[in-house]
């Protein structure tokens, strides 16, 4: 497997590290799109707001994900707002530097194309999940995704201050419904509250249950 960080280092793109605190805004919807970010640790929430002021979570990104890639397609502004879900470190790459590297380094461009195709598939999966699967299963998948952003220690530990409002936005349901399912998951031993929400790997059975 190609180590993307080593590749970025080899083409001179691996030195500009930015650090973000929990809930810190990385960029706003409508800001000039001038950088691509490669996430090292932590995670980002991407949201979009319509003209009526309604906000929706469109993606959760974690380690080894790229963010802000729409600027490479000549979008003049960011189409979403990126916010740190937890303390996060990311490599920041100027748009023109990334474009030059993609043109000149075939290994990097191949890896990047593979990543973009994979992200498009994830978007399709999330849309299908939203349209066809019940809220309980969507919540289980959202919790597992957030746990992966937090690290791979067992039991997998979720960020300490994730709110049920945020989970409701991600799942596309109401806070009372999230509260009901979280109580159910706790009773079944899938989640624990001990210095933050801890996710047991057995929750995946709920996420995948047909």
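Any idea what angle helix 95-104 forms with the longest principal axis of the chain, computed on alpha-carbon atoms, 0 to 90 degrees, nearest 10?
Helix 95-104 sits roughly 70 degrees off the main axis of the chain.
Pairs of Cα atoms under 8 Å, at least six residues apart: use those to get the relative contact order of the chain, whole percent. Each step should come with its number before you reach the end.
Details: 342 pairs, mean separation 42.6, N = 210.
Computed over the chain, the figure is 20 percent.
Please determine, in degrees from 0 to 90 and to the nearest 10, the orientation of helix 175-187 with respect to the longest principal axis defined by the Cα atoms of the chain, where the helix direction is its Cα long axis.
Helix 175-187 sits roughly 70 degrees off the main axis of the chain.
If a/c stays under 1.5 just call it rounded; otherwise compare a/b with b/c (prolate if a/b is bigger, oblate if not). Do that for segment 53-109, with a ≥ b ≥ c from the square roots of the Cα gyration tensor eigenvalues.
Judged from the Cα gyration tensor, segment 53-109 comes out oblate (a/c at least 1.5, b/c at or above a/b).
Does segment 30-149 come out rounded, prolate or oblate, given a ≥ b ≥ c as the square roots of the eigenvalues of its C-alpha gyration tensor, rounded meaning a/c under 1.5 and, failing that, prolate meaning a/b above b/c? Walk me through the numbers on the way to the answer.
On the way: a/c = 1.74, a/b = 1.49, b/c = 1.17.
Prolate shape, in that a/c is at least 1.5 and a/b is the bigger ratio.
Can you tell me the length gained on complete extension of the stretch residue 31 to residue 115, counting 0.36 nm per residue apart and subtracting the Cα distance? Please list the in-between numbers first.
Values: separation 84, 0.36 × 84 = 30.24 nm, distance 2.41 nm.
Residue separation times 0.36 nm, minus the Cα-Cα distance, leaves 27.8 nm.
So how long is each side of the chain along the principal axes, counting just the alpha-carbon atoms, biggest first, in Å?
Between the extreme Cα coordinates on each principal axis of the chain lie 54, 41, 33 Å.
Tell me, 103, 40 in order of fewest to most beta-carbon neighbours within 10 Å?
On the way: 103 10, 40 15.
If I rank by nearby Cβ atoms, fewest first, I get 103, 40.
Nearest 10 degrees, 0 to 90: what angle lies between the long axis of helix 135-150 and the longest principal axis of the chain (Cα atoms)?
50 degrees
Would you calculate a helix-derived [θ] at 222 nm for the chain, using -39,500 (n - 2.57) for each DSSP H run of n ≥ 4 and dividing by the full residue count, to the nearest 500?
-13000 deg cm²/dmol
Order of 54, 183 from fewest to most other C-beta atoms within 10 Å?
Details: 54 8, 183 11.
Ordered by Cβ neighbours within 10 Å, fewest first: 54, 183.
No value in this document is a laboratory result; all are computed from the given coordinates. Quick caveat: nothing in here was measured; it's all calculated off a predicted structure. No Cβ is skipped: glycine too gets one built from the backbone with ideal geometry, and neighbour counts run over all protein chains shown.
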